[in-house]
Amino acid sequence: MLILVTYDVQTTSKNGAKRLKKVAKICQNYGQRVQNSVFECVVSSTQYTTLKIELQEVINEEVDSLRFYRLGKNYKTKVGHFGAKESINIEDPLIF
């Protein structure tokens, strides 16, 4: 299934910048960054649960926020893109 992960980490608080980097790194392990604080991830139900747990362990729920949008398996008709940052097929192998 495709999920969209968005986050807002308060970097003015103590350790905020460190939390921000950790959140981004965790998200990169599951998908691709499509905007500064937005990731598209194709995951199984187990991976989705694991991702949520990993992120919740990092954020400070008093000042940070996480949002998860489940777009399901038939997401290709639900996602549109216009403008900069050309989209890539997130199901293709990533080769660097």
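The values are calculated or read from the model by the stated rules, or taken from the named source; none is laboratory data. If you're wondering where the values come from, they're calculated on a predicted model, not measured in any experiment. Backbone-built Cβ (ideal geometry, glycine too); neighbour counts: all protein chains shown. The area values use the complete protein model at the heavy-atom level, side chains included, leaving out ligands, DNA and RNA. Shrake-Rupley method; radii C 1.70, N 1.55, O 1.52, S 1.80 Å.
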*Could you tell me which numbered condition residue 95 fails, if it satisfies all but one of (1) exposed (fewer than 10 other Cβ atoms within 10 Å of the Cβ); (2) at pLDDT 70 or above?*
(2)
*Check whether at least one residue in region 67-78 is modelled with pLDDT of 95 or more, crowded, with 16+ Cβ neighbours inside 10 Å and either under 22 Å from residue 11 (Cβ atoms) or touching a Pro at 6+ places or on another chain (Cβ under 9 Å) (or both), and report yes or no.*
no
_I need the full set of residues from region 7-31 which are open to solvent by less than 30 Å² (accessible area, probe 1.4 Å) and under 25 Å from residue 71 (Cβ atoms), in order please._
7, 9, 23, 24, 26, 27, 31
*asked:* For region 56-66, give me each residue that is surrounded by 11 or more Cβ atoms within 10 Å (Cβ to Cβ) and of a type in the set (Asp, Glu).
replied: 64
*May I ask you to list the residues in region 37-55 that are more than 10 Å from the chain's Cα centre (by Cα) and either assigned to a loop (DSSP other than H, G, I, E, B) or surrounded by fewer than 11 Cβ atoms within 10 Å (Cβ to Cβ) (or both)?*
43, 44, 45, 46, 53
